[in-house]
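What follows is a short report on a single structure.
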Amino acid sequence: MSPLTLSAQSKPQLQPGKAGVPSVLVEMLKQEIADSDSADRCESSLARNFEIKAIDLNRDSIPEYVVHGRGMCFCSATGNCWFSIYHRTKGLLEPLLETDGVQLFKFANSVSNGYRDLFTWIHGSAFDSERRLFRFDGSRYQLMACWEESYSYLDTQGKEHILKQPRITPLACGPDQE
């Protein structure tokens, strides 16, 4: 997706229920709803389709905008949803990350190239998920590592065991695997 231009009229304005969200982001998300493959089933409300958070990820006192999909238009049946991060710079709203398949996310305290690292989780089943690590490379967030987190396993006799803490297994992913 290309950067979005913030015109003089579209500089950050307070939106009902979305204080501090630039109107250009609001308009872009409305267009995402209209362009959705299942637009006829989508709610028209931004609040029903997206969770939008303003978070300063690079400590410059200017928030980045984290957008996490909701509902059947932007999420799979398992709750894995569209996810993006936008940064405002020089009159533009630029995507720093756009990905699918995010059920949960958490920003780490660690920093890469001035931006906080990001962990996301993809729901796989009742006992399995995939955790992903994204790091900022100076211009965008890049997928760097993946792990499977499993709360169950089968023993040699085929009996399932439930774990209190997950077994974490590294998975091949990231820039070296593309």
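Things to note:
- Here is the P(r) of region 103-178: all C-alpha pair distances, binned every 5 Å from 0, give 3, 15, 20, 21, 16, 10, 7, 4, 2, 1 in whole percents.
- Think of each Lys and Arg Cβ as +1 and each Asp and Glu Cβ as -1; about the Cα centre, that makes the dipole of region 103-178 roughly 300 debye.
- Summing charges over neighbours of LEU171, with a neighbour being any other residue whose Cβ is under 10 Å away from its Cβ, gives 0 when K and R count +1 and D and E count -1.
- Using the Cα coordinates of region 41-89, the gyration tensor eigenvalues translate into equivalent-ellipsoid semi-axes of 25, 11, 7 Å, sorted from longest to shortest.
- In a simple Cβ point-charge model (Lys, Arg +1; Asp, Glu -1; nothing else charged), region 31-95 has a dipole of about 180 debye relative to its Cα centre.
- Proximal charge balance of CYS146 [Cβ under 9 Å; K/R count +1, D/E count -1]: 0
- Test item: Cα-centred dipole of region 52-178, Lys/Arg +1 and Asp/Glu -1 on Cβ, debye: 400
None of the figures in this text is laboratory data; all of them are computed from the coordinates on show. Small disclaimer: the values here were computed from a predicted structure and weren't measured. Cβ: placed from backbone, ideal geometry, glycine included. Neighbour counts: every protein chain shown.
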